[in-house]
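Enquirer: My questions will all concern the structure given below.
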Amino acid sequence: MDTGTQAGHSEDPGSVDPPVGRHRARAVPRPGRIRSLLASGPVRFGSVAALACCLGVAVFVESRAATTPAEPAPSASLLAERAAEVERDPASRAHERTPAPTPPVTATPAPSPSTARPIVARTQVTRATKRPVRPSPVAGLTQAQMDNAHTIVQVGVKMDVPRRGLVVAIATSMQESNLYNLASGVLPESLDLPNQGVGYDHDSVGLFQQRPSSGWGTVADLMRPAYAAERFYEALLAVPGWQEMSVTGAAQAVQISAFPDAYAQHEDRATTVVGALV
């Protein structure tokens, strides 16, 4: 052994063993060793290829790190400013981390059923006013005469006058005025009232030719057919036993006429008229 050779080194002049210990440097293969590996045959070819691949990756990473600019570190003034913001507004940071309170859920009461009655639209039905039906004339009467006879009979029915009394009243009016509402030429005021002709028997007026001077009523009242008929029935009902009398006898008891038997000729026609109206 050469005394000039230091202990711990290999005798191979092409390689130098690395120092042992904590100050051991990274091993770098030398050209002589790479050649020996390549010359060792197929057995070591895979190891050499793997080693070359690892060396290429290491070189690429180191070159990438060298060419990529590093992100500058924040300056001292920026760090101080961020610290001051945290100290000034600790409540806001705490508020961001605190979940927002959930509002209480209030149950909505169900609407109670209404007790009010539903409004129902009512349709007003307008009924046409019925016109009074005018009775058709009978027994040879005109419409005006039949209307007057109708009024006389209606008044008697309201007063509960028997049917025979109705015949007496119609026969009397046929004799006195021919069933027309007559004014009097002697009483000028009667001419100003509704009338159907003029008579000249003293101051007699109306359907029954009743005289105001005898106490039957005023001219205006006696010229109203309904009033004149009512006064006649009142006088007839006041005659004792009038229902046993003849038609002409009962009429004469009320009228006190100068021709007492004249009413008898109208009895049949008067009966026909009453039968048509009752």
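Rundown of residues vs (1) of a type outside the set (S, T, N, Q); (2) over 13 Å from Val168 (Cβ atoms), yes/no style:
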{"site": "Ser190", "(1), (2)": "no, yes"}
{"site": "Gly197", "(1), (2)": "yes, yes"}
{"site": "Asp203", "(1), (2)": "yes, yes"}
{"site": "Phe208", "(1), (2)": "yes, no"}
{"site": "Pro225", "(1), (2)": "yes, yes"}
{"site": "Leu236", "(1), (2)": "yes, no"}
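Enquirer: Checking Pro194 against (1) over 17 Å from Thr272 (Cβ atoms); (2) crowded, with 17+ Cβ neighbours inside 10 Å: exactly one of these is not met. Which one?
Expert: (2)
Enquirer: Search segment 203-253 for residues being among the β-branched types (Val, Ile, Thr) and without any contact (Cβ under 8 Å) to a residue 40 or more places away in the chain, and hand back the single one that is nearest to Leu193 (Cα to Cα).
Expert: Checked segment 203-253; the qualifying residue nearest to Leu193 (Cα to Cα) is Val219.
Matching residues to (1) within 25 Å of Leu237 (Cβ to Cβ); (2) in contact with a Pro (Cβ under 7 Å, 6 or more places away or on another chain):
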{"residue": "Ala139", "(1), (2)": "no, no"}
{"residue": "Gln143", "(1), (2)": "no, yes"}
{"residue": "Gly165", "(1), (2)": "yes, no"}
{"residue": "Ala169", "(1), (2)": "yes, no"}
{"residue": "Met174", "(1), (2)": "yes, no"}
{"residue": "Leu182", "(1), (2)": "yes, no"}
{"residue": "Pro188", "(1), (2)": "no, no"}
{"residue": "Leu191", "(1), (2)": "no, no"}
{"residue": "Gln196", "(1), (2)": "no, no"}
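Enquirer: Is there any pair with a first residue in segment 138-165 that is within 14 Å of Arg231 (Cα to Cα) and a second that is among the hydroxyl-bearing types (Ser, Thr, Tyr) and surrounded by 14 or more Cβ atoms within 10 Å (Cβ to Cβ) whose Cβ atoms are under 7 Å apart and which are 6 or more apart or on different chains, and what are they?
Expert: Between residues of segment 138-165 that are within 14 Å of Arg231 (Cα to Cα) and residues that are among the hydroxyl-bearing types (Ser, Thr, Tyr) and surrounded by 14 or more Cβ atoms within 10 Å (Cβ to Cβ), the close pairs are Ile152/Ser173; Val155/Tyr233; Gly156/Tyr233; Met159/Tyr233; Val161/Tyr233; Gly165/Tyr233.
Enquirer: So if I check each of Ala228, Ala220, which one is out of contact with any strand residue (DSSP E or B) (no Cβ under 8 Å at 6 or more places or on another chain), part of a helix (DSSP H, G or I) and hydrophobic (A, V, I, L, M, F, W, C)?
Expert: Ala220
Enquirer: If you take the residues in segment 197-251 that are over 18 Å from Val153 (Cβ atoms) and in contact with a Gly (Cβ under 6 Å, 6 or more places away or on another chain), which one is surrounded by the most Cβ atoms within 10 Å (Cβ to Cβ)?
Expert: Leu222
Enquirer: A follow-up question, please. Given (1) under 60 Å from the mean Cα position of the chain (by Cα); (2) not in a helix (DSSP H, G or I); (3) not hydrophobic (A, V, I, L, M, F, W, C), identify the lone condition not met by Asp201.
Expert: (1)
Enquirer: Kindly indicate whether any position in segment 135-143 is surrounded by fewer than 21 Cβ atoms within 10 Å (Cβ to Cβ), out of contact with any helix residue (DSSP H, G or I) (no Cβ under 9 Å at 6 or more places or on another chain) and not in a helix (DSSP H, G or I).
Expert: Yes - at least one qualifying residue is present in segment 135-143.
The numbers here are math on the coordinates, done by the rules we state, and not lab data. Keep in mind the model is a prediction, meaning the values are calculated, not measured. All Cβ positions, even for glycine, are placed from backbone atoms using ideal geometry, and neighbour counts span all protein chains on display.
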